[in-house]
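*Asks:* Got a structure for you, questions after.
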Amino acid sequence: MKIAVLPGDGIGTEIVAQAIRVLDALDLPFEMETALVGGAAYEAHGHPLPDATLKLAKEADAVLFGAVGDWKYDKLDRPLRPEQAILGLRKNLGLFANFRPAICYEQLVDASSLKPELIAGLDILIIRELTGDIYFGQPRGRRTAVDGHFPGADEAFDTMRYSRPEVERIARVAFEAARKRSKRVTSVDKANVLETFQFWKDIVTEVGKEYPDVELDHMYVDNAAMQLVKAPKKFDVIVTGNMFGDILSDEAAMLTGSIGMLPSASLNASNQGLYEPSHGSAPDIAGKGVANPLATILSAAMMLRYSLNQEDAAQRIETAVKKVLAQGLRTPDIYSAGTTKVGTVEMGDAVLKALA
Ligand code: NAD
């Protein structure tokens, strides 16, 4: 099993170091190789995704990614900015399925802005299609309007589109994932208004017939946005398009209250994946030793589950994280009165101890 390790910038190096310690402690036959990405790669090689890094990522079974970016790169031409490395990896590896779990740990219910009874025990998985939809559809651009409400005025336009194979493959990913959980999929669309999403709904329904053991329902995106804050626990797996998924996955993430706790995965058709925390490089706390490494450690657990087929090891890590939280250990982002404040390395130490 080969893992490409791309720590990146800011807190990326600090949190990935802890995830590597945890992976090492599992005593599984991994080969891990580290490479530069993002701002660090730009500094060393003049590009955020150098050829050698891309080659390593392509050849690996999985990529463990930290975070990239720093405000000091904001003035660079767009193709040279650190964040372009993520887009380049997604495109080159064909990562079309984005998994964002939103899990509310019992010990952290007070970190949410929702009432504890609404989110205690929350465990949902949002699967977002990542390479199609209005974000990539052509044509797009600016022009002078020839019709519409204001002919002759400047206008801008984007194109929402999905092809059958794109919808079929993301639907299958969702049904397969649901089989490993409580066997329920909610497909989120806007079929009442958009042709693209009526098409989406029809195809998800068709694919659903191949999975009679999984319960499928459909929900309009506006209702889904409401239900996520009203009764989030009624969801299990949510599958949706790129734009709706972008918005709903951030909404769901915030239900849990802490960005430092949220892992994510992006997978391709052969289950090769990129695993990263949902947060960025946090330049405001980089180098201070206070970043929460748990999102990255939990991303490593997802990597074991989805790309490396090591479910037991994934569960060992998740159980260790729960244990550490139960012991009352907290990095500053999840600290509350009555708990013990620890730094990045101490949190890594505690997870290692809990694993043993
Ligand atoms: P951010 O997620 O880096 O930080 C937002 C806030 O959350 C900050 O206050 C930060 O200190 C805090 N935070 C984030 N992760 C934390 C952790 N593990 N532990 C404790 N606190 C944590 O978002 P931002 O400040 O908007 O962006 C900073 C840089 O990161 C930018 O250059 C942005 O482009 C980049 N970014 C990268 C990714 C990525 O690599 N996938 C994602 C988002 C943003």
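The values are calculated or read from the model by the stated rules, or taken from the named source; none is laboratory data. Remember, predicted model here, so these are calculated numbers, not experimental data. All Cβ positions, even for glycine, are placed from backbone atoms using ideal geometry, and neighbour counts span all protein chains on display.
Residue by residue, here is whether (1) part of a strand (DSSP E or B); (2) modelled with pLDDT under 95; (3) closer than 22 Å to V321 by Cβ holds:
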site	(1), (2), (3)
D110	no, yes, yes
G121	no, yes, yes
L125	yes, no, yes
G137	no, yes, no
G152	no, no, no
A156	yes, no, no
Y162	no, no, no
E166	no, no, no
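*Asks:* Does I285 satisfy the criteria of being aliphatic (A, V, I, L, M) and part of a helix (DSSP H, G or I)? Give the steps one after another, and end with the answer.
*Replies:* Working: aliphatic (A, V, I, L, M): yes; part of a helix (DSSP H, G or I): no.
Here the answer is no, as I285 does not meet what is asked.
Residues checked against (1) crowded, with 18+ Cβ neighbours inside 10 Å; (2) of a type in the set (D, E); (3) under 17 Å from the mean Cα position of the chain (by Cα):
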residue: D24; (1), (2), (3): no, yes, no
residue: M32; (1), (2), (3): no, no, no
residue: L56; (1), (2), (3): yes, no, no
residue: I86; (1), (2), (3): yes, no, yes
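*Asks:* Also, quick follow-up: In this structure, is A286 more than 27 Å from V237 (Cβ to Cβ), at pLDDT below 95, in the same structural domain as R21 (by TED's automatic domain parsing) and surrounded by fewer than 19 Cβ atoms within 10 Å (Cβ to Cβ)?
*Replies:* no
*Asks:* So if I check each of N242, N192, N223, which one is within 29 Å of I103 (Cβ to Cβ), among the polar types (S, T, N, Q) and surrounded by fewer than 17 Cβ atoms within 10 Å (Cβ to Cβ)? Before you say what the answer is, go through the steps one by one.
*Replies:* Numbers: N242 fails: surrounded by fewer than 17 Cβ atoms within 10 Å (Cβ to Cβ); N192 fails: within 29 Å of I103 (Cβ to Cβ).
Step by step, each of N242, N192, N223 is checked, and only N223 is within 29 Å of I103 (Cβ to Cβ), among the polar types (S, T, N, Q) and surrounded by fewer than 17 Cβ atoms within 10 Å (Cβ to Cβ).
*Asks:* Only one of these conditions is not met by A337: (1) without any contact (Cβ under 8 Å) to a residue 24 or more places away in the chain; (2) part of a helix (DSSP H, G or I); (3) of a type outside the set (F, W, Y). Which number is it?
*Replies:* That leaves (2) as the condition not met.
*Asks:* Those residues that are within 8 Å of the ligand (Cβ to nearest atom) and either over 15 Å from G12 (Cβ atoms) or among the charged types (D, E, K, R) (or both), I need them from region 283-308; list them, please.
*Replies:* Result: D284, single match.
*Asks:* When K180 is evaluated against the numbered criteria (1) surrounded by fewer than 14 Cβ atoms within 10 Å (Cβ to Cβ); (2) closer than 20 Å to M302 by Cα; (3) more than 19 Å from the chain's Cα centre (by Cα), which criterion, by number, is the only one it fails?
*Replies:* Result: K180 passes all but (3).
*Asks:* Here is a further query. Looking only at region 321-336, decide whether some residue is buried (at least 22 other Cβ atoms within 10 Å of the Cβ), modelled with pLDDT of 95 or more and within 14 Å of L64 (Cβ to Cβ).
*Replies:* No, the conditions are met nowhere in region 321-336.
So that you can scan it fast, the table gives a plain yes or no per residue for (1) over 26 Å from K55 (Cα atoms); (2) of a type in the set (V, I, T); (3) outside the structural domain of F65 (by TED's automatic domain parsing):
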{"site": "L80", "(1), (2), (3)": "no, no, no"}
{"site": "I86", "(1), (2), (3)": "no, yes, no"}
{"site": "Q107", "(1), (2), (3)": "yes, no, yes"}
{"site": "G137", "(1), (2), (3)": "yes, no, yes"}
{"site": "R140", "(1), (2), (3)": "yes, no, yes"}
{"site": "A153", "(1), (2), (3)": "yes, no, yes"}
{"site": "R181", "(1), (2), (3)": "yes, no, yes"}
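*Asks:* So which strands (runs of 3 or more DSSP E) stay within region 193-282 end to end and still have 3 or more residues that are within 16 Å of the ligand (Cβ to nearest atom) and either over 14 Å from the mean Cα position of the chain (by Cα) or more than 16 Å from I124 (Cα to Cα) (or both)? Write out each step before concluding.
*Replies:* Details: elements: 215-220, 237-240, 263-267, 273-277.
Result: 273-277.
*Asks:* Pairs please, first residue from region 162-180 and under 16 Å from L216 (Cβ atoms), second anywhere and polar (S, T, N, Q), Cβ atoms under 8 Å, 6+ apart in sequence or on different chains.
*Replies:* A171/S187; A174/S187
*Asks:* For region 32-79, what are the residues that are free of Cβ contacts under 8 Å to residues at least 40 places away in the same chain and polar (S, T, N, Q)?
*Replies:* T34
*Asks:* List the number of the failed condition for A320; all other conditions in (1) part of a helix (DSSP H, G or I); (2) within 16 Å of the ligand (Cβ to nearest atom); (3) hydrophobic (A, V, I, L, M, F, W, C) hold.
*Replies:* A320 satisfies every listed condition except (2).
*Asks:* Check every one of the strands (runs of 3 or more DSSP E) wholly within region 1-103 and list those with 3 or more residues that are more than 11 Å from the ligand (Cβ to nearest atom) and closer than 17 Å to R305 by Cα. Reasoning before the result, please.
*Replies:* On the way: elements: 2-8, 31-34, 62-67, 97-103.
The qualifying strands (runs of 3 or more DSSP E) are 2-8, 62-67, 97-103.
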